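Encoded as structure tokens, the structure appears first; notes follow it.
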Amino acid sequence: MRRAVHRSLLALFATLGITLASSTAANAHYVYYADLVWSNADSSRCVMNRSETSHGSTGGGYFRGDSMSQAELSAIPSDCILPWERNSGWLAEGFIIYKWYVDAQGDGSWLICDRTDQWYFNTEPASTMRLTSTAPAGGACGSGYYGLGNLAGMKDGNAWYGWDVMMWSGSHLLPDTSFAAPSAPTEAPPGVNDDNVAPAGSMPDTMPVSDSNGKPALDASGNPIETQILPEAPTEAKSLSTANAPRHFTTAQNGATIEEVEVLLDGLAR
């Protein structure tokens, strides 16, 4: 038997659950959210999900998503086994970069700036599968408010758990144009609930795409371009399809092995 668990680890800030940390300078704070998205009935197996957005080294945005078969050190230790390495291909990770758009009438909505077009999997035994991406200085889709939706999954035998559960990290003004800031977001992306989570099946299949200036991208006929949000579900044949991507391996203080891949995301409409 399995059960879904959504336990908040962080205090929520403002209406979209924004948490600011290390706010010693305008470009030194970040927005993040993490939670336990699945555990076995006896709490013997867990999937943690964490998403983070900051200005990054260029000022245009840094995005990070973690799929973890462990609890964070700040969590209750009994929540799950700390740490628990998964076999190659048993941790899945992907993310979606959202851009907030406000039309001439003042109505706002989220567009898809970019997203991973495939799932990334651990190629060696690891407890954390991490994706990172750094946007160009002007932002991947112009200046304004961005948000990150992080997707995670963990395999145990032949079954996937916590699959397609998205963690929403709130919104962040990128680059820092505080003195001429556009209207702030008034809602979370479609499918995201009050717990900053988009459970499996809650998100729409497609959403409109942002162009490089943060406006809806249009096709040759002037119609909005939409994109599929989620990559196809993993199969055994595809589970190690990204094995040749550059990888970095580190060991956390709690002994967890972290496998990290930096992906290039610079906007879908270029």
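The values are calculated or read from the model by the stated rules, or taken from the named source; none is laboratory data. What you are looking at is a predicted structure, and each value in this text was computed from that prediction instead of being measured. Backbone-built Cβ (ideal geometry, glycine too); neighbour counts: all protein chains shown.
Within segment 201-221, work out how many residues are surrounded by fewer than 17 Cβ atoms within 10 Å (Cβ to Cβ) and among the small types (Gly, Ala, Ser). Qualifying residue count, segment 201-221: 4.
Summed over segment 87-122, the residues that are in contact with a Pro (Cβ under 7 Å, 6 or more places away or on another chain), farther than 18 Å from Gly149 by Cα and buried (at least 17 other Cβ atoms within 10 Å of the Cβ) give a count of 1. Tell me yes or no: at least one residue of segment 228-243 is touching a Pro at 6+ places or on another chain (Cβ under 8 Å) and either at pLDDT below 95 or assigned to a strand (DSSP E or B) (or both). Yes: one or more hits. Where strands (runs of 3 or more DSSP E) sit wholly within segment 97-160, those with at least 1 residues that are more than 17 Å from Glu262 (Cα to Cα) occupy 108-115, 144-156. Might you let me know whether segment 163-184 holds any residue that is buried (at least 24 other Cβ atoms within 10 Å of the Cβ), modelled with pLDDT of 90 or more and in a loop (DSSP other than H, G, I, E, B)? Checking segment 163-184: not a single residue is buried (at least 24 other Cβ atoms within 10 Å of the Cβ), modelled with pLDDT of 90 or more and in a loop (DSSP other than H, G, I, E, B). Here are Leu12, Leu16, Leu73: which of them is at pLDDT below 55, in a loop (DSSP other than H, G, I, E, B) and within 25 Å of Pro208 (Cβ to Cβ)? The conditions single out Leu16.
Within segment 83-140, work out how many residues are under 25 Å from Tyr30 (Cα atoms), more than 19 Å from the chain's Cα centre (by Cα) and at pLDDT 90 or above. The total comes to 3.
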